[in-house]
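The values are calculated or read from the model by the stated rules, or taken from the named source; none is laboratory data. Small disclaimer: the values here were computed from a predicted structure and weren't measured. Note: ideal-geometry Cβ built from the backbone for every residue, glycine included; neighbour counts use all protein chains shown.
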Amino acid sequence: MLDALVQLVIGMLSRIAASTVAIAALASASLCLAQDYPTKPIKIVVPFAAGGPADIYARFLGARLTDALGQPVVVDDRPGAGSIIGTDLVAKSAPDGYTLLMMSNTHTVNETLIPNRQYQLMRDFVPVATVNYSDLVLVVHPSTGFTSLTELIRFAKANPGKLNYASSGPGTPYHMAGELFKAMAGVDIVHVPYKGSSGARTEVLGGQVQMMFDAVTTMSEHARTGRVVALGTTGKTRSPVLPNVPTISEAGVPGYEAVIWLGLMAPKGTPPQIVDRLNAEIAKIQNRPEVRQEWLSQGAVPMVMTPEEFGRYLDEDIVKWARIVKISGAKPDQ
């Protein structure tokens, strides 16, 4: 009996020892992988249409990370289904640091707006780094005749459903900015979704759609040249890019605020050493005086966070937009 017990204990200790060795070997392999990283090109998947802020800043970072890491960092635009297609591709990629996701608050909105996704943001990804945030601007085509936000609101209240606004698709910051505006201003404006911001922007510039919430980084020049009329920006304070344009909060909807922010994530299981390396290199880029100045001239403000801080930020943003989705009654196909 005693011999059997001794043999049982010895067997258990042997299995524990084997497991410990296996775990140590795995950790060692992971550390070696991180120390050698990168040894081949890195891909940043942008699940939005080319020409928008996510694409622009992914290419900006990619060029500078190429120099910092010694390997090409390329951008792969994979738009469609409100960011679902490109995001799902990254979720299914190897967790080795060679496939990254450029994401925005579209993703935190989709956690509530599109519940039947195959992936979950905080389950299938790890936060890498925040990039920046920028205000949106509410613009109308000159043919509307509106020169102020109060005029637009007055017309919308008197003519429910007569105005329409374009967006780059359900759940995007452009869409949710519109839904938040409708809820807070008490107006009924029809949402016209497109498959990307460039298509929506083209239709507004051409007058086929009357208005749009767009990134100040991409629409400000059209406002300055008169192709559209800027009625309000969406931040807490006026945008340095359009200093003569009031915020929506001061122009008629007190307390209104909606911005677009960008960040990078990696597939779940990506070694922490690789995540930390990428975070550190991105922070160095963000803190360069010339980079900060260039971004600020475009209306973009650098966001520098650790991966842990970014994770907490994501949790809070998911809760914030869940409330707006429920209040607005927004649907994935609207």
(request) For the range 123-167, enumerate the residues that are over 25 Å from Arg224 (Cα atoms), aliphatic (A, V, I, L, M) and in contact with a Phe, Trp or Tyr (Cβ under 8 Å, 6 or more places away or on another chain). (result) Val128, Ala129, Val131
(message) List pairs: first residue in the range 115-129 and within 17 Å of Ala94 (Cβ to Cβ) and in a helix (DSSP H, G or I), second residue basic (Lys, Arg) and at pLDDT 95 or above anywhere in the structure, Cβ distance under 6 angstrom, at least six positions apart or on different chains.
(response) Asp124/Lys268
(request) Taking Thr172 as the residue in question, decide whether it is out of contact with any strand residue (DSSP E or B) (no Cβ under 7 Å at 6 or more places or on another chain), over 20 Å from Ser104 (Cβ atoms) and not aliphatic (A, V, I, L, M). (result) no
(request) Report, by residue number, each residue of the range 134-151 that is of a type in the set (Asp, Glu) and outside any strand (DSSP E or B). (result) Glu151
(message) Could you check the range 34-66 and list, in sequence order, the residues that are farther than 16 Å from Val128 by Cα and in a helix (DSSP H, G or I)?
(response) Gln35, Asp36, Pro53, Asp55, Ile56, Arg59, Phe60, Ala63, Arg64, Thr66
(request) Would you mind telling me which numbered condition in (1) within 19 Å of Asp135 (Cα to Cα); (2) out of contact with any helix residue (DSSP H, G or I) (no Cβ under 6 Å at 6 or more places or on another chain); (3) in contact (Cβ under 8 Å) with a residue 12 or more places away in the chain Ala266 fails? (result) (1)
(request) Quick one: in the range 271-303, of everything that is outside any helix (DSSP H, G or I) and loosely packed, with under 15 Cβ neighbours inside 10 Å, which residue is nearest to the chain's Cα centre (by Cα)? (result) Asn287
(message) Can you pull out every residue in the range 278-290 that is of a type outside the set (Gly, Ala, Ser) and without any contact (Cβ under 8 Å) to a residue 12 or more places away in the chain?
(response) Arg288, Pro289, Glu290
(request) Would you mention how many residues in the range 187-241 are free of Cβ contacts under 8 Å to residues at least 12 places away in the same chain and within 22 Å of Pro47 (Cβ to Cβ)? (result) 1
(message) If Phe155 satisfies all but one of (1) under 28 Å from Phe181 (Cβ atoms); (2) touching a strand residue (DSSP E or B) at 6+ places or on another chain (Cβ under 6 Å); (3) surrounded by fewer than 24 Cβ atoms within 10 Å (Cβ to Cβ); (4) modelled with pLDDT of 95 or more, what's the number of the condition it fails?
(response) (2)
(request) Starting from the range 250-262, keep only residues that are under 30 Å from Phe60 (Cα atoms), then list their pairs with residues that are surrounded by fewer than 19 Cβ atoms within 10 Å (Cβ to Cβ) and among the basic types (Lys, Arg) whose Cβ atoms are within a distance under 6 Å, requiring at least 6 positions of separation or different chains. (result) Glu257/Lys236
(request) Would you be able to say whether some residue in the range 94-104 is more than 21 Å from Arg323 (Cβ to Cβ), in a loop (DSSP other than H, G, I, E, B), of a type in the set (S, T, N, Q) and touching a residue at least 12 places away in the same chain (Cβ under 8 Å)? (result) no
(request) Please work out if Phe181 is in contact (Cβ under 8 Å) with a residue 40 or more places away in the chain, over 23 Å from Glu257 (Cα atoms) and aromatic (Phe, Trp, Tyr). (result) no
(request) Give the number of residues within the range 67-87 that are in a helix (DSSP H, G or I) and over 17 Å from Pro170 (Cα atoms). (result) 3
(message) One residue is enough: does the range 27-41 have a residue meeting the conditions modelled with pLDDT of 90 or more and under 19 Å from the mean Cα position of the chain (by Cα)?
(response) no
(message) Just checking, does the range 300-322 include any residue being more than 16 Å from Thr130 (Cβ to Cβ), of a type in the set (S, T, N, Q) and either in contact (Cβ under 8 Å) with a residue 12 or more places away in the chain or in the same structural domain as Leu61 (by TED's automatic domain parsing) (or both)?
(response) no
